[in-house]
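Accompanying notes for the structure given below.
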Amino acid sequence: METVESASLVEDVKMADLTIEAGAARPHDHPVAVETRDLAVYYGAFRAVKDINVACVTNMITALIGPSGCGKSTVLRSFNRMNDLIPGARVEGEVRLDGINIYGPAVDPVEVRRRVGMVFQKPNPFPKSIFENVAWGARVNGFKGNLNELVEGALRQAALWDEVKDKLRESGYSLSGGQQQRLCIARAIALKPEVVLMDEPTSALDPVATLRIEELIGELKERYTIVIVTHNMQQAARASDFTAFLNMDEDRAGYLVEYGPTEAIFTKPRQQTTEDYITGRFG
Amino acid sequence: MSPAEAAVVREAVGNRFPEGDEAIRHGRRRQRRGTTYRVAFLAALALAVLALLTLLFTVVNQSFGLVAIEETIPRDDLVAELGLPAGTDLASVEINGLVAILQNRLSRNAGRRLERDQRFFADRLVFEPADSWAEVCARQEPEPGCTLPARDQANVYQLVLEKVVEPDIVASWSLTSSLVDRTAIEAEIEEEFPDAVVDFRSWVSPSFIRSPQHPDPELAGIRTAILGSLWVLALAILAAFPIGVAAAVYLEEYASDNWISRLIRTNINNLAGVPSIIYGMLGLAIFVRALESITSGSALGAGNDGGVANGRTILSASLTLALLVLPVVIISSQEAIRAVPQSFRRAGLALGATKWQTIRAHVLPNATPGILTGTILAMARAFGETAPLVVVGASTFITVDPDGPFSKFTALPIQIFQWTSRPQEEFQHLAAAAILVLLVLLLTLNATAILLRNRFQRSY
């Protein structure tokens, strides 16, 4: 066990708070919303990722970066059991949400997904009205309160309310790409999740829309713990508090190279591979 | 680099592409080949259109044309007898006059039979003396005329035609010859049938559609056949649609991809190609024979003509057709369900919805246009199906309307098939007219499919 002593600050988290364990880090004294323990995911016989130990701090943004095919999205999907939907997918190790292993035998994936929301790479609103897009998730989850308030609140949090308040009955597809993605974010946070997963949420958007989403993510962390997969290293550097760098080994299985406060990863990476990647030598 | 130098460089690296005139020739050659294919495709299309037009022409050609009608007692004579001005149309004569004709021309017994079937006037009797009428109506099984409402003018007019005028078509011509050789035909009629009236007839007519089957081609219609077809079709879809869609949902959304489900999928595709007569045999064995007590309605207490229909009922036929179209419904529903973007399912599930909630709210609504289109096309197929109905035992001659799933029945294609096999020329015209009606009904079904698809179409 080794303690890193450099004094780089991210928000109020000090590097000193991190306990480094076999390339993985665990921020001490900070509440952890969701964490993985020796996570490995298999697709049939193929091991997609192995030995993933990442703890995502509550109300912080954790970015997963790494070259294509290294398993970032696989790790992300294991946080809300979306991997269950892929035929042949199998998970080893644990993913703990509030300390409870979500792969435990008594856990219903449907409940996990209500508590861990997800935003996808391509905006995918339902072909329904804007209102219905946000209200549907609440309704199927047995929401008993005032739907109008819920929808308005979610759209406000997603910084979309002013743009759509006069056309809530129109199709979600009448919106621009960036608005659609914010609608998807509103849809996810309407369920009051604890964690919001974002799988390259801006990769299908233009730079202006991307910036708005990044700002929005920064605002959302006050209420939610956010885990974001991104291909864009500037985005990770700009928008995240913690960064986990994943790489592939010779068997094409993804593993965690380094995890720590974003600033530390981008300024003083401890591993040569990390430095090579963030300076653009590969990936 | 000068062009000369460039040529040298090209030479050095080995230029294998055509240059100059050769390039132009080569280009033209390629374009010509493209044109040849284009012409071939156009020819194929023209051939297909020609075939369809020929089919349509044959049907239409037979459905309209001149006829020579000989009447046992000409209408004009009847009109004259009533003292009406010459040229009055018999069809417009009021009911009192028509009944008077019947009174003049029919024997008393024939008239009584007609009256006992249905009386002529609500307030008075024509053929039957009042006392014997009372006696007839007091019987254990009174005549239908005792309870039915009185006949209307159209009904009596039909009776006059049927019993008195007795028009008989002695010769008929197709539409083309009627249009081209009209004078020659009229001369021929003048010579061969001096008493006959020449008339241009549309074999498709309201009375043709409204009348039940009849041995006399003048009076025969397709009412029973249309009703039979609609009954069979409706029940078949009622059975095939829910089962087919449910099976498709299971196969697409729930079944895991293992050898059993692959085997089932492959076999459903194969079943869609099985000849329909095989389904007819299956229907005969299962629904008509093995399940006779159910399909004949006797198990449910429904009487059917003292067991004459046995298992050969509308129910048997529709279940057979349901089996026939089930694979088509399943396959088209599967395709429609598969076409719903995966992102909707993921989005639904990621919001903490259960699988069924996601299917119900997002998959099925978006698959609806495709499912409906496929189902209606399957209906169209079932509508034109003949072979299985023959095997299952559709009746060929039925004059009473089918009144429920346990009735004997006939269907349009069966009726057409039966008429085309008759020697009399008139029945050929009737068959053509029935084909026209069938085509119109099929077009209506397909148009409904397109409308429904457009109605439910979503863009995403």
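Rank these for me by crowding, B:Phe193, A:Phe245, B:Phe208, going from fewest to most other beta carbons within 10 Å.
Arranged by neighbour count, lowest to highest, B:Phe193, A:Phe245, B:Phe208 become B:Phe193, B:Phe208, A:Phe245.
Projected onto the charge dipole of the protein assembly as shown (+1 at Lys/Arg Cβ, -1 at Asp/Glu Cβ, origin at the Cα centre), which of B:Val204, A:Asn146, B:Leu227 gives the Cα projection farthest towards the positive end?
A:Asn146
If you line up the long axis of helix B:95-105 against the longest principal axis of chain B, both from Cα atoms, how many degrees apart are they, to the nearest 10?
Value to nearest ten degrees: 60.
Cβ under 12 Å from A:Ile130's Cβ, A:Ile130 left aside: what net charge do those residues give with Lys, Arg +1 and Asp, Glu -1?
That works out to +1.
Roughly how many whole Å is it from the C-alpha centroid of region A:194-239 to that of region A:117-188?
18 Å
Give me the Å³ per residue figure for the convex hull around the C-alpha atoms of the protein assembly as shown.
Considering the Cα atoms of the protein assembly as shown, their hull volume per residue is 316 Å³.
Between B:Arg338 and A:Asp249, what is the FRET efficiency for a Förster distance of 35 Å, r being their Cβ-Cβ separation, to the nearest 0.05?
0.45
Using a Gaussian network model of chain A whose springs link C-alpha atoms within less than 10 Å, name the residue from A:Glu163, A:Glu214, A:Glu152 with the highest mean-square fluctuation.
A:Glu163
Neighbouring Cβ atoms within 10 Å as the yardstick, rank B:Ile330, B:Ile450 fewest first.
Lowest count first: B:Ile450, B:Ile330.
Could you tell me the convex hull volume per residue, in Å³, taken over the Cα atoms of region B:10-129?
267 Å³
Please state, to two decimals, what the Cα-based radius of gyration of region A:103-214 comes to when divided by 2.2 N^0.38 Å (N = residues).
Cα-based Rg divided by the globular estimate yields 1.05.
Given the -39500 (n - 2.57) contribution per DSSP H run of 4+ residues, what per-residue ellipticity at 222 nm results for chain B, rounded to the nearest 500 deg cm²/dmol?
Theoretical 222 nm ellipticity from helices: -19500 deg cm²/dmol.
Using a cut-off of 11 Å between beta-carbons, work out the net charge of the residues near B:Ala394 (Lys and Arg +1, Asp and Glu -1, B:Ala394 not included).
Charge balance near B:Ala394 sits at +1.
Hey, if you put +1 on the Cβ of every Lys and Arg and -1 on every Asp and Glu Cβ in the protein assembly as shown, which of B:Val136, A:Thr279, B:Val93 ends up farthest toward the positive end of that dipole?
Toward the positive end, the furthest listed residue is A:Thr279.
Given Cβ point charges of +1 (Lys, Arg) and -1 (Asp, Glu) and nothing else, what value in debye, to the nearest 20, does the dipole of the protein assembly as shown about its Cα centre take?
2040 debye
Apply the Debye scattering formula to chain B, with a single equal point scatterer on each alpha-carbon and no solvent, then give log10 I(q)/I(0) at q = 0.06, 0.08, 0.09, 0.12 Å⁻¹.
At q = 0.06, 0.08, 0.09, 0.12 Å⁻¹ the computed log10 ratios are -0.46, -0.72, -0.85, -1.17.
Summing Lys, Arg as +1 and Asp, Glu as -1, what charge do residues with Cβ under 15 Å from the Cβ of B:Ala378 carry, B:Ala378 excluded?
Surrounding charge for B:Ala378 is 0.
Magnitude of the Cβ-charge dipole of region B:172-216, K/R +1 and D/E -1, about the Cα centre, nearest 20 debye?
460 debye
Expressed as an acute angle from 0 to 90° and rounded to the nearest 10, what is the orientation of the C-alpha long axis of helix A:177-189 relative to the principal long axis of chain A?
Helix A:177-189 sits at roughly 80 degrees to that axis.
Going by how many other Cβ atoms sit within 10 Å of their own, how do A:Tyr277, B:Tyr157 line up, fewest first?
With the fewest neighbours first, A:Tyr277, B:Tyr157 line up as B:Tyr157, A:Tyr277.
Express the C-alpha Rg of region B:389-429 as a ratio against the empirical globular expectation 2.2 N^0.38 Å, rounded to two decimals.
Computed over Cα atoms of region B:389-429, the ratio equals 1.27.
Rounded, prolate or oblate: which fits chain A, taking a ≥ b ≥ c as square roots of the Cα gyration tensor eigenvalues, rounded meaning a/c under 1.5, else prolate when a/b beats b/c?
prolate
So for region B:270-405, what percent of the C-alpha to C-alpha distances run longer than 26 Å?
It works out to 42 percent of all Cα pairs.
A:Val32's amide H: which non-local residues (gap 5+, or another chain) put their own amide H closer than 5 Å, with H modeled 1.01 Å from N in plane and none for Pro or chain starts?
Placed amide hydrogens put A:Thr58 under 5 Å from A:Val32.
When the chain is fully extended, how far beyond the present Cα-Cα distance does B:Tyr37 get from B:Ser177, taking 0.36 nm per residue of separation?
46.4 nm
Just how large is the dipole of chain B about the Cα centre, in debye to the nearest 20, putting +1 at every Lys and Arg Cβ and -1 at every Asp and Glu Cβ?
Charge dipole, chain B, about its Cα centre: 3580 debye, nearest 20.
Since every read-out is calculated from the coordinates, none of them should be taken as a lab result. Keep in mind that this is a model prediction, so the values were computed, not measured. Positions of Cβ are backbone-derived with ideal geometry, glycine not excepted, and every protein chain shown enters the neighbour counts.
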